[in-house]
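Asker: The structure under discussion is supplied below as structure tokens; questions concerning it will follow.
The values are calculated or read from the model by the stated rules, or taken from the named source; none is laboratory data. None of the values given here were measured: they were computed from a predicted structure. Backbone-built Cβ (ideal geometry, glycine too); neighbour counts: all protein chains shown.
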Amino acid sequence: MYNMKANDVLDGTFSSTALHRLLTRDVQSALTPNATQRTTLIVAGCYILVIGILWHIPILSWIIYPFKLLTVGFHEMSHAFMGLLTCAHIHSIELDPDEGGATSMSGGIPYLTLPAGYLGSSLIGAALIACGFDTNASKIASIVLAVFFLFTLWWAKRDWLTWVLILGMSGLIVLFWFVAGGVALRYLVLFIGVMSCMYCLWDIIDDTISRKVNSSDASQFAKICGCCPSQVWGVLWLFVSLIFFIAGVLVGLAAFKESAAQQKEDSSVFLPVPGSSAAMALTVTKSGIVSMILAVVVGLLGIPM
């Protein structure tokens, strides 16, 4: 612990040097990974390596194909939500088997809806990476994803691929929720987050920087802005997406310092696995509370029991 020295105090207040030392110590302490976080970082690094390998092997790339489509879904969903926030009317969301997608809308603010695809999906990925450091946070992230999935299904009423993808991913999330008290869910959420960020970074480089795709979001954005070519916007979006990626890791390190054992204990009482002892105890507790409330109501009404 830092001990304040006499020369650190000037006229009864902290000197700038003392304040700097305190802030540096706090930041360093917050971002220094513990044993559980080191394991999470190693797993995330392995995810990056595996994704990079599978990405370039034609046959094995099918293993991560559903997660690629899910990231495309995040991209289109981000367009739609930004459109919704800017008073646009969302007509439909469609996913293409060739890892493409399209969001049809009218109205809204193109200056916001166009960059929302890449930046929104990378932000979602960063948030999932941060939640992947903690089991309970992963449970909450799964519930939020479920809400997003419902909106997407509403907008993708006639797109069978979107329905198959989301129903399949929902089933996978539920399955992993039951494994090891939610620990498997944490690593699944982490994988989806890493995959989303990696895909977003690669897609920006491929569509806007290394080659120009006239139908890309960056090309459309360059047309309405008229001041810079699409490559410039691609580099800017790449930089912002990379910041999101790094921020997701840093937030995870700073916010979730619990050990694996503590996470397991906390997870056992927070949205526990149905059928577990914690879930049964929670059910009994709820039943007792309901019975007590009914008894009070009956007593107040003077109804004989």
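Asker: Look at residue 239 and say whether it is among the aromatic types (Phe, Trp, Tyr), surrounded by 15 or more Cβ atoms within 10 Å (Cβ to Cβ) and assigned to a helix (DSSP H, G or I). I'd like the intermediate steps shown before the answer.
Answerer: On the way: among the aromatic types (Phe, Trp, Tyr): yes; surrounded by 15 or more Cβ atoms within 10 Å (Cβ to Cβ): no; assigned to a helix (DSSP H, G or I): yes.
The answer is no for residue 239.
Asker: For the range 247-257, give me each residue that is within 18 Å of residue 203 (Cβ to Cβ) and surrounded by fewer than 15 Cβ atoms within 10 Å (Cβ to Cβ). Can you show your working first?
Answerer: To start, the set of residues in the range 247-257 that are within 18 Å of residue 203 (Cβ to Cβ) comprises 248.
Residues satisfying the conditions do not exist here.
Asker: Still on this structure, please answer the following. I'd like to know if the range 88-101 contains one or more residues that are over 17 Å from residue 165 (Cβ atoms), modelled with pLDDT of 90 or more, crowded, with 23+ Cβ neighbours inside 10 Å and not small (Gly, Ala, Ser).
Answerer: Step one: list which residues in the range 88-101 are over 17 Å from residue 165 (Cβ atoms), which gives 88-91.
Then drop every residue that is not modelled with pLDDT of 90 or more, which leaves 88-91.
In the following step, the residues that additionally are crowded, with 23+ Cβ neighbours inside 10 Å were identified as none.
So far as the range 88-101 goes, no, none of its residues is over 17 Å from residue 165 (Cβ atoms), modelled with pLDDT of 90 or more, crowded, with 23+ Cβ neighbours inside 10 Å and not small (Gly, Ala, Ser).
Asker: Only residues that are within 15 Å of residue 70 (Cα to Cα) and either surrounded by fewer than 23 Cβ atoms within 10 Å (Cβ to Cβ) or of a type in the set (Ser, Thr, Tyr) (or both): list them for the range 128-143, please.
Answerer: 142
Asker: Which of the residues belonging to the range 166-219 are crowded, with 16+ Cβ neighbours inside 10 Å, of a type in the set (Phe, Trp, Tyr) and within 30 Å of residue 266 (Cβ to Cβ)?
Answerer: Answer for the range 166-219, where residues must be crowded, with 16+ Cβ neighbours inside 10 Å, of a type in the set (Phe, Trp, Tyr) and within 30 Å of residue 266 (Cβ to Cβ): 176, 177, 187, 191.
Asker: Oh, and also: Filter the range 144-158 down to the residues that are outside any helix (DSSP H, G or I) and surrounded by fewer than 24 Cβ atoms within 10 Å (Cβ to Cβ) and list them by number.
Answerer: Residues of the range 144-158 outside any helix (DSSP H, G or I): 156-158.
Residues satisfying the conditions are 157, 158.
Asker: Could you check residue 26 against (1) of a type in the set (D, E, K, R); (2) in contact with a helix residue (DSSP H, G or I) (Cβ under 9 Å, 6 or more places away or on another chain); (3) modelled with pLDDT under 90 and say which number it fails?
Answerer: Going through (1) of a type in the set (D, E, K, R); (2) in contact with a helix residue (DSSP H, G or I) (Cβ under 9 Å, 6 or more places away or on another chain); (3) modelled with pLDDT under 90 one by one, residue 26 breaks only (2).
Asker: Same structure, new question: Residue check, residue 39 against (1) at pLDDT below 95; (2) under 26 Å from residue 255 (Cα atoms), all met but one. Which one?
Answerer: It is condition (1) that residue 39 fails.
Asker: Testing residue 125 on (1) buried (at least 21 other Cβ atoms within 10 Å of the Cβ); (2) in a helix (DSSP H, G or I); (3) at pLDDT below 95; (4) among the small types (Gly, Ala, Ser), one condition comes back false. Which one is that?
Answerer: Tallying (1) buried (at least 21 other Cβ atoms within 10 Å of the Cβ); (2) in a helix (DSSP H, G or I); (3) at pLDDT below 95; (4) among the small types (Gly, Ala, Ser), residue 125 fails exactly one: (3).
Asker: Residue pairs, Cβ under 7 Å, 6 or more apart or interchain, first in the range 102-120 and more than 17 Å from residue 200 (Cβ to Cβ) and touching a residue at least 12 places away in the same chain (Cβ under 8 Å), second among the β-branched types (Val, Ile, Thr) and not in a helix (DSSP H, G or I). List them.
Answerer: 105/90; 108/86; 109/86; 112/86
Asker: Kindly indicate which of 203, 207 is part of a helix (DSSP H, G or I), in contact (Cβ under 8 Å) with a residue 40 or more places away in the chain and of a type in the set (Asp, Glu). Outline the logic, then answer.
Answerer: Working: 207 fails: in contact (Cβ under 8 Å) with a residue 40 or more places away in the chain.
Exactly one residue qualifies, and that residue is 203.
Asker: Looking only at residues in the range 213-236 that are assigned to a loop (DSSP other than H, G, I, E, B) and not hydroxyl-bearing (Ser, Thr, Tyr), which one is modelled with the highest pLDDT?
Answerer: Initially, the range 213-236 is screened for residues assigned to a loop (DSSP other than H, G, I, E, B), giving 213-216, 226-229.
The next check asks that each one be not hydroxyl-bearing (Ser, Thr, Tyr); those that pass are 213-214, 226-229.
Working: 213: 60, 214: 60, 226: 80, 227: 81, 228: 82, 229: 85.
Ranking the candidates gives 229 first.
Asker: A further question follows. Looking only at the range 104-122, which residues are hydrophobic (A, V, I, L, M, F, W, C) and not in a loop (DSSP other than H, G, I, E, B)?
Answerer: Filtering the range 104-122 for residues hydrophobic (A, V, I, L, M, F, W, C) gives 105, 109, 112, 114, 116, 119.
Correct list: 105, 112, 114, 116, 119.
Asker: Restrict the check to the range 41-58 and report whether at least one residue is more than 21 Å from the chain's Cα centre (by Cα) and part of a strand (DSSP E or B).
Answerer: Checked against the condition, which is being more than 21 Å from the chain's Cα centre (by Cα) and part of a strand (DSSP E or B), the range 41-58 yields no hits at all.
Asker: Follow-up. Filter the range 159-200 down to residues that are modelled with pLDDT under 85 and outside any helix (DSSP H, G or I), then give me how many there are.
Answerer: 1
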